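In what follows, a structure is listed as structure tokens, so that the remarks can point back to it.
The values are calculated or read from the model by the stated rules, or taken from the named source; none is laboratory data. Note that the coordinates shown come from a computational prediction; the quantities given were computed from them, not determined experimentally. Cβ: placed from backbone, ideal geometry, glycine included. Neighbour counts: every protein chain shown. The area values use the complete protein model at the heavy-atom level, side chains included, leaving out ligands, DNA and RNA. Shrake-Rupley method; radii C 1.70, N 1.55, O 1.52, S 1.80 Å.
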Amino acid sequence: METPCATVEITRDGRPRVRLQGDVDFRNAQTVREAVRSAALEAGDPIVLDLRCLTFIDSSGISALVRAARQARDRGRGLRLEGARPHVLYLLSAAGFTRFFQVTEGEVMPAPQHGSDPGARVWQQLSFTIPARTHLVKHIRARVAEMLQSLDPDPQLLDAVNLAVGEAASNAVRHGCREDGNLKVRVRSSTDGHTLVVEINDPGPGFDPEQVRSPELGELREGGMGIYFMRLTMDDVTYSFDEGTTVRLVKRLQEGPARELLLA
Amino acid sequence: MESAVFAPESRHTADRLRRLECLQEVCRVAGSALKLEPVLQFLCGAVRDGLELDQVAVYTLDRRVQRIVGPVAAAGALAADGLEAWAVELRRGAGPAADVALGLRPYFLCNDPAAGGAVPAGGVLERGGPLALLPLRGRTQIVGLLLVAGPRSGRLSEQEIEDLRPFAEQAGLAVEQAHFEAESRRRVGFLSALLQISTALTSHSELPDLLQEACDKLLEVSDLDLTAVFLAEGDGQTLRLQTSAGLHPSLPQFYEPFRMGERLAGRAALERLVIVNRNLQQDSSEASALARQVGLRTVVCAPLLLRGQLLGVLSGGSLRDMELTGEETDLVASVANQLAAAIANVRLLDETRRQMEEHRRRQDELTVLYGISRAMVGTIGLEERLRAIAEGLTEATRTTRCALFRLDRDGLIPWISHGDTPDEKRRFQALDIPTAAAARLLRKLGASKPPVVMRSPDQEPFGALGWLREWGVRSALWLPLAFQNRLTGLAMVYQPGEERGFPEEQVELAAAVANQAATAIRISQAYEHERNLAETLQRSFMPSVGTRLKNFDLGQTYLPALKEANVGGDFFDVFRLPDGRVALLMADVSGKGLPAAIQTAMVKYMLRAYAVEDPSPAAVLDRLNRGICAFIDPDLFISAFYGVLCPDTGEMQYANAGHDSPLLALKEYQYCTSLDITGPVLGLEPAVSYFTRSHRLAPGDLLLLYTDGITNARRGGELYGRERLEALLTELAGGKPDRIVSQIYRTVRAFAEGDLHDDCALLALKAKEVWKHPAQP
């Protein structure tokens, strides 16, 4: 049994506090809404949303947060974010959602500078297949993140890649394979220290990415957010449909001209 | 009788003329339809009766022999003898008859032979009475004579001669026609005889049959009584009877060989001309003596010549005195020409056959040699090669056994034997050849000398080898095995109990095999030497048996690619670090054989040294890479997976330098994944960074390290591939690691149909289901 991603507690000053922990993604996003709703039953305002222990949140999680915040606002309650990483704040503001939340000023801080050239040749690669089961999506994310972490990246960059890979992987599992555990999602990723390329393939028939329009600012809907977030956070997102569906994510890890990275 | 009506005085009446016309018509009809003699006979009778003559006769001219033949038809009272005598007179070719025959005068008429005197004497004239000779004219020439004799009391008038002309003309055409037909028949006969002989001569491929056929055919189509063929002997001076047909002379001399110039055939051979001898019985020359004794009167001899070369003589003989026409002589000469060509053909055929036979024999030898060579190089292992050589030598000599001895510092040592029983093999291996005997043997069978055929075990230098007699070896072929002019061993092929020679071609073939063998042996020895070294090294790379780990089981297998009979560059290592953790290494050095093996050893111990120094796998690979770049052959690259496992917790840190990603079967999640590659292969360049990853192995998890010999196993153009391996591992993951690795190896080998081209190394590490937890510090 996994640890619940959201717990509700009452702080010493009598305010309800919802603490998110671990990964929040499409699988448990509903839990977040439930938790906020039950916290809203308590007196005390604003409701505090503690994100300090949140390790990952995908577009479903964000959507859940926004829905919860809107519901709270409709009931005249505020939702205050605490310990949100800049990446999450960036996503909320980029989608125009910040207005639903109360954010402590000091939390929006510039990210520390990282990524000085290692001065050595770097080449790493991973390639694996994984059954199309929803609870394994985090494994995909973790593997890419692990490789990226070895390069000691800017945390925001790590969050961005994490989000995009999570979106791509969950699309592959949920839409490409329809969560059929007998089907396999193939993941390939490679980095030379300057650029990261991730390819996620599923045997599904694919779709027309041009038909997936970006959501209006502040608009909330079920689908479509994933690709929007990928495009928001990655330098390049391309789809190909030669063998099933393959999404290729490219992220520059350092300033300077992008280097073309070929996956072996 | 109507004839009574024709009184001499009424010969010129109209009635007579009418009869004459009638007669002419009848004769014309008859002449165009019947054969020559009945026609002439009819003509003679009709003319005699119609013109009331006493005698009518027809003679023909044989232009071929320039004489008058006949009478061929006659009607009248004269005796046949008288007519023939007349003909003989005519033949003399003089006088009025000859003049008529030659066309010098239109006819000859004599009403008073007794007074004339110019007419030859004979029965016709003796009887008296008028006589006339008219030419029988063909279309172009005179072909005969018509003789008429009138009543003894009467005379023949010029008019009557004129009346005869149409008949003479008619008879002339008939004769000419008959001559023409006879000539045609004769020519056709000649040609068909020649054709028959030609056909007969070209249908034989064996010389005796050919000659017999020629003699028989010539006898058949000619009037000869004896035909014979004499062929020139190899010395070109002697002729020998090969075949004859017809008479079988009882004289033994007839069958004996004779020299050119002797006998009639010898003269024809010497002069190279067709020679016809007639009237032999009147001849007294020495050359014709034998022919006379046999009883021949006529002999024709034709030389058998082919492009100026005398092959022999074709002879024919007749018991009669025959006048041979030009065509008949030609026939013999033609047959002789044809026969000469046919003899040459048959000899050529024989020669071709012989050459083909020789060629086939050579080809057989080559096939044997090729087969042996292939068998020899089909394997690189020394023992297999020696067996192939021994087998090849017995095959080349069609014997049953072969023994090989090697020459080294200790003397001549039994090496390997072939074709003998197990008891005999033991007996062979137990042989101890005394130094002195070996030295004598080697002097005799020195490297530069050809093989020696031993004809008896007592023959020197074999006498000292007592065991030869014991074994019943009565004859054997001894072959030196020499490499670069140095004797390295001896081979003996034999068949016990049998006294036999070794034909030259067998000796040659065996010597060729032995020549190849010595080199092949030397190569195998060098190879075995290197392989022994490499194998010893290779063995030292394998993890020490019985590496036992807490909470984990190990399974391992390493199979060098046997087909190439090479020692590969795969190696793995499992060793304990001072801090209690366990290091796992799986690596693949590019290259094979001894050089790769030596580098492998260096790399292995370099890694061990760094591993003790630094806990981080990436740091160890960084150092190892720099070390390899500095010290190891720059053409060598090494892919390596290096991991460090804490057996208490299952925590594994690893770094992977371009090695095939190890597979990890996760028990909890029921799937199989591959670990990362965290840097390029080692030895590429010093300034690369490797990275460490961590993974925690949970109970039941299985880690499989392997080299590309597994995933690159091929069936046709198809690779086994990582996906198949993943699927197989998922299926097998529940079992024990040693079973898993052997099962994987068997499956992959079956996929490649037993033909694995590369080394295969497998190392499986499985976390036990139940763990012993470390004592809390």
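Some notes on this structure:
- Calculated on alpha-carbon atoms, Rg and Dmax of the stretch B:380-509 in Å: 13.5, 38
- Against the main long axis of the alpha-carbon atoms of chain B, helix B:737-751 sits at an angle near 20°.
- Spacing of the two label points (7 Å from each Cα toward its C-beta) at B:Arg696 and A:Arg12, in nm: 3.2 nm
- The accessible area of B:Arg401, taken with all protein chains in place and a 1.4 Å probe, comes to roughly 40 Å².
- Heavy-atom accessible surface that B and A bury in contact, both chains counted, 1.4 Å, Å² to 100: 1800 Å²
- Largest accessible area first, the residues B:Tyr370, B:Tyr671 order themselves as B:Tyr370, B:Tyr671 under a 1.4 Å probe with ligands, DNA and RNA left out.
- Here the peptides A:165-173, B:679-687, B:130-138 are ranked by packing, the mean other Cβ count within 10 Å, and the order with the highest first is A:165-173, B:130-138, B:679-687.
- For the pair B:Ala687 and B:Glu256, the difference between a 0.36 nm per residue extended length and the Cα-Cα distance amounts to 144.7 nm.
- Between A:Gly78 and A:Ile47, the built amide H atoms are under 5 Å apart, and every one of these is 5 or more places off in sequence or on another chain.
- Charge-dipole axis of chain B as Lys and Arg at +1 and Asp and Glu at -1 on Cβ define it, positive-most pick from B:Ala687, B:Gln653, B:Leu102: B:Gln653
- The residue among B:Val313, B:Gly326, B:Ala302 whose Cα reaches farthest toward the positive pole of the charge dipole of the stretch B:284-360, with charges on the beta-carbon of Lys, Arg, Asp and Glu, is B:Val313.
- For B:718-731, mean number of other protein chain Cβ atoms within 10 Å: 1
- Check: chain B dipole with +1 on Lys, Arg Cβ and -1 on Asp, Glu Cβ, in debye: 1880 debye
- For the stretch B:686-714, accessible area lost to neighbouring protein chains reaches 30 Å² or more, against the chain alone with a 1.4 Å probe, at B:Ala687, B:Ser689, B:Phe691, B:Arg693.
- Surface per residue (accessible, 1.4 Å probe) for the stretch B:424-513, Å²: 49 Å²
- Each 10 Å bin, from zero up to the one with the longest distance, holds this percent of the alpha carbon pairs of the stretch B:145-284: 9, 23, 24, 13, 11, 11, 7, 2.
- Residues whose amide H falls under 5 Å from that of A:Thr195, counting only those 5 or more places apart or on a different chain, are A:Leu253, with hydrogens built in the peptide plane.
- Residue order for B:Glu213, A:Glu179, B:Glu668 - accessible surface, 1.4 angstrom probe, largest first: B:Glu668, A:Glu179, B:Glu213
- Seen through its C-alpha gyration tensor, with square-root eigenvalues sorted a ≥ b ≥ c, the stretch B:336-432 comes out prolate because a/c lies at 1.5 or above while a/b is bigger than b/c.
- Burial order of peptide ranges A:18-31, A:227-240, B:275-288 (average beta-carbon count within 10 Å, highest first): A:18-31, A:227-240, B:275-288
- Per-residue 3J(HN,Hα) values for the stretch B:302-308, derived from phi via the Karplus relation 6.51 cos²θ - 1.76 cosθ + 1.60 with θ = phi - 60°, read 10, x, 9, 10, 9, 6, x Hz in sequence order (x marks Gly and Pro).
- Remark: relative contact order (the stretch B:408-488) = 27 percent; criterion is Cα-Cα distance under 8 angstrom and separation of 6 or more residues.
- Accessible surface of B:Tyr610, taken over heavy atoms with a 1.4 Å probe and every protein chain present, rounds to 50 Å².
- Listed residue pairs exceeding 24 Å between alpha carbons, taken from B:Lys550/B:Lys667; A:Lys138/A:Lys251; A:Lys138/B:Lys736: A:Lys138/B:Lys736
- CD proxy at 222 nm, helix term only [per DSSP H run n ≥ 4: -39500 (n - 2.57); per residue of chain B; nearest 500]: -14000 deg cm²/dmol
- Equivalent ellipsoid dimensions for chain B as semi-axes, Å, which come from the Cα gyration tensor, largest first: 119, 38, 18
- In degrees, nearest ten, helix B:721-732 long axis to first principal axis of chain B (Cα): 60 degrees
- For B:Arg401, the amide hydrogen comes within under 5 Å of the amide hydrogens of B:Tyr494, counting only partners 5 or more places away or on other chains and with H modelled in the peptide plane.
- Residue-wise HN-Hα couplings along the stretch B:579-588, as the Karplus relation 6.51 cos²θ - 1.76 cosθ + 1.60 with θ = phi - 60° gives them from phi, are 7, x, 6, 10, 8, 10, 10, 9, 9, 9 Hz; Gly and Pro carry x.
- Taking Cα centre as origin and charging only the Cβ of basic (Lys, Arg, +1) and acidic (Asp, Glu, -1) residues, the dipole magnitude of the stretch B:398-472 rounds to 280 debye.
- With protein chains left intact and a 1.4 Å probe, residues in the stretch A:131-200 average 31 Å² of accessible area per residue.
- Cα gyration tensor shape for the stretch B:218-305, rounded if a/c is under 1.5, else prolate or oblate: rounded
- In a reduced charge model with +1 at each Lys and Arg Cβ and -1 at each Asp and Glu Cβ, the stretch B:643-777 shows a dipole moment near 400 debye about its Cα centre.
- Accessible surface of the stretch B:663-777 [probe 1.4 Å, protein heavy atoms]: carbon and sulfur percent: 51 percent
- Helix axis angle, B:617-631 relative to chain B longest principal axis, alpha carbon, degrees: 50 degrees
- Overall form of the stretch B:173-216 per C-alpha gyration tensor (a/c, 1.5; a/b vs b/c): prolate
- Protein accessible area in the stretch B:228-362, 1.4 Å probe - carbon and sulfur %: 48 percent
- Rounded to the nearest 10 Å², the accessible area of B:Asp54 at probe 1.4 Å: 50 Å²
- Residue by residue, the stretch B:753-767 carries 3J(HN,Hα) couplings of 6, x, 10, 8, 8, 10, 5, 10, 10, 9, 9, 10, 10, 10, 6 Hz when phi is fed to the Karplus relation 6.51 cos²θ - 1.76 cosθ + 1.60 (θ = phi - 60°); x denotes Gly or Pro.
- Between B:Gly381, B:Cys402, B:Leu412, the Cα set farthest toward the positive side of the dipole of the stretch B:378-524 (charges on each charged residue's Cβ, about the Cα centre) is that of B:Leu412.
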